[in-house]
Amino acid sequence: MDFQPILDDIADRLQRELAQEGPRGQVAQYIPALARVDARRFGIALRCGDGQEAVAGDGAVPFSIQSISKVFTLTLAMRHLPEQQLWARIGREPSGNPFNSLVQLEFEQGTPRNPFINAGAIAVADRIVGLYGADALRELRGFMSHLAGEPIGYDEEVAASEAATGFRNHALANFMKSFGRIDHDVATVLDLYFHQCALRMSCLQLARAAGYLCRDGAHPLRADTPVVTERQARRINALMLTCGTYDAAGEFAFRIGLPCKSGVGGGIVAVVPDRLTLAVWSPALDETGNSLLGMKALEMFTQRTGLSVF
């Protein structure tokens, strides 16, 4: 299948919609550095398991990937930690609540419902700090560059903005620490968490980096190099399908039918197992924190191609 005309058509239609009607939804206002992003941006890109690529719109423009990073930090932790140790303090169930809920965390005595809500990702960051100590930021950046096949960096302005205004995340981390669910210094763990959210990548780089999830765990660019095992890749995809889009996971499964992970920077990564990875970016969000046009673009793609896990 030639995907380039499909992506071109999707980008053309949605960019015309943005030009004529303006963006619906809002960019993430609670992170000052994100509040200034142009809501009229739209990008889309994919990479097939055989190396075929397609990109349209602003698909080559870097942006703050935010919670999409949780897929990669979970992957990094899964590569090096025994399952029992990784999952001892993190659940694997959909939350059904906002991604930064303190109420749910208190009700469940400091154990995050899954690794893709903020509390769960902070718990994963704690494990990574345990693995790498002061080198955690360097190791994560190196891992992302290894997957994308080119240098990936942090947007320090976004990281500083999150650290200065992320009061809810500070509360989540300290609350987990009070229950003994965080082992390391809270400030160190949060520094890694804020930086992972501030990773700066384009749709094309994200589609490349996530390629191991459509290749049974094999490296996106090197078939003979495993990133995770086939079993681990299946489990990450399962978590993306059930937990990857905050409290809208059911709607994504119903309308799109693919494992997805979103971020409040407006990006979404989707996986068609054994076929391809797809990334979209449109900064204006709905009330659940998911990109409005990003979700629409993914739905258009699956309708045009018939690709789904169902």
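Here are a few things to note about the model shown:
- Evaluation of ARG127 against the conditions (1) part of a helix (DSSP H, G or I); (2) among the charged types (D, E, K, R); (3) more than 21 Å from GLY180 (Cα to Cα); (4) touching a residue at least 40 places away in the same chain (Cβ under 8 Å) shows that the sole unmet condition is (3).
Residue by residue, here is whether (1) out of contact with any Phe, Trp or Tyr (no Cβ under 6 Å at 6 or more places or on another chain); (2) within 25 Å of VAL189 (Cα to Cα); (3) at pLDDT 95 or above holds:
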{"position": "ARG24", "(1), (2), (3)": "yes, no, no"}
{"position": "ILE31", "(1), (2), (3)": "yes, yes, no"}
{"position": "LEU34", "(1), (2), (3)": "yes, yes, no"}
{"position": "ARG47", "(1), (2), (3)": "yes, no, yes"}
{"position": "VAL55", "(1), (2), (3)": "yes, no, yes"}
{"position": "PHE63", "(1), (2), (3)": "no, yes, yes"}
{"position": "ILE68", "(1), (2), (3)": "yes, yes, yes"}
{"position": "VAL71", "(1), (2), (3)": "yes, yes, yes"}
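- Condition met for ALA297 (in a helix (DSSP H, G or I), in contact with a Pro (Cβ under 9 Å, 6 or more places away or on another chain) and surrounded by 23 or more Cβ atoms within 10 Å (Cβ to Cβ)): no
- Subset tally (residues that are closer than 15 Å to VAL71 by Cβ and assigned to a loop (DSSP other than H, G, I, E, B)) for region 265-274: 2
- Odd one out for THR277, checked against (1) in contact with a strand residue (DSSP E or B) (Cβ under 6 Å, 6 or more places away or on another chain); (2) of a type in the set (Ser, Thr, Tyr); (3) in a loop (DSSP other than H, G, I, E, B): (3)
- Residue that is over 25 Å from PHE107 (Cβ atoms), touching a Gly at 6+ places or on another chain (Cβ under 9 Å) and among the basic types (Lys, Arg), where the choices are ARG181, ARG234, ARG255: ARG234
- Candidates in region 177-221 are the residues that are surrounded by fewer than 22 Cβ atoms within 10 Å (Cβ to Cβ) and among the hydroxyl-bearing types (Ser, Thr, Tyr); of these, the one that is nearest to the chain's Cα centre (by Cα) is THR188.
- Residue match in region 213-225 (condition: touching a residue at least 12 places away in the same chain (Cβ under 8 Å), part of a helix (DSSP H, G or I) and closer than 28 Å to ASP155 by Cβ): yes
- Filtering region 34-45 to residues that are crowded, with 20+ Cβ neighbours inside 10 Å and either more than 19 Å from LYS296 (Cα to Cα) or among the β-branched types (Val, Ile, Thr) (or both) leaves LEU34, ILE44.
- Scanning region 194-204 for residues being over 14 Å from VAL71 (Cβ atoms) and assigned to a helix (DSSP H, G or I) gives a total of 4.
- Residues of region 255-305 that turn out to be more than 22 Å from ARG13 (Cα to Cα) and of a type in the set (Lys, Arg), as a count: 2
- A Cβ distance below 8 Å, combined with a sequence gap of six or more or placement on separate chains, defines the contacts here; from region 50-61, residues that are in a loop (DSSP other than H, G, I, E, B) reach residues that are of a type in the set (Ser, Thr, Tyr) in the pairs GLY59/SER202; ALA60/SER202; VAL61/SER202.
- Checked against (1) at positive phi; (2) crowded, with 21+ Cβ neighbours inside 10 Å; (3) of a type in the set (S, T, N, Q), ASN118 passes all but condition (1).
- Just one residue in the set PRO112, PRO151 is out of contact with any Asp or Glu (no Cβ under 7 Å at 6 or more places or on another chain), modelled with pLDDT of 95 or more and not in a helix (DSSP H, G or I); that residue is PRO151.
- Scanning region 222-255 for residues that are crowded, with 16+ Cβ neighbours inside 10 Å and aromatic (Phe, Trp, Tyr), we see that the one that is nearest to the chain's Cα centre (by Cα) is TYR246.
- Residues that are β-branched (Val, Ile, Thr) and surrounded by fewer than 19 Cβ atoms within 10 Å (Cβ to Cβ), drawn from region 256-294: THR288
- Residue among ALA163, ALA119, ALA136, ALA171 that is in a helix (DSSP H, G or I), within 16 Å of the chain's Cα centre (by Cα) and of a type outside the set (D, E, K, R): ALA119
The values are calculated or read from the model by the stated rules, or taken from the named source; none is laboratory data. No experiment lies behind these values; they were computed from the predicted model shown. Note: ideal-geometry Cβ built from the backbone for every residue, glycine included; neighbour counts use all protein chains shown.
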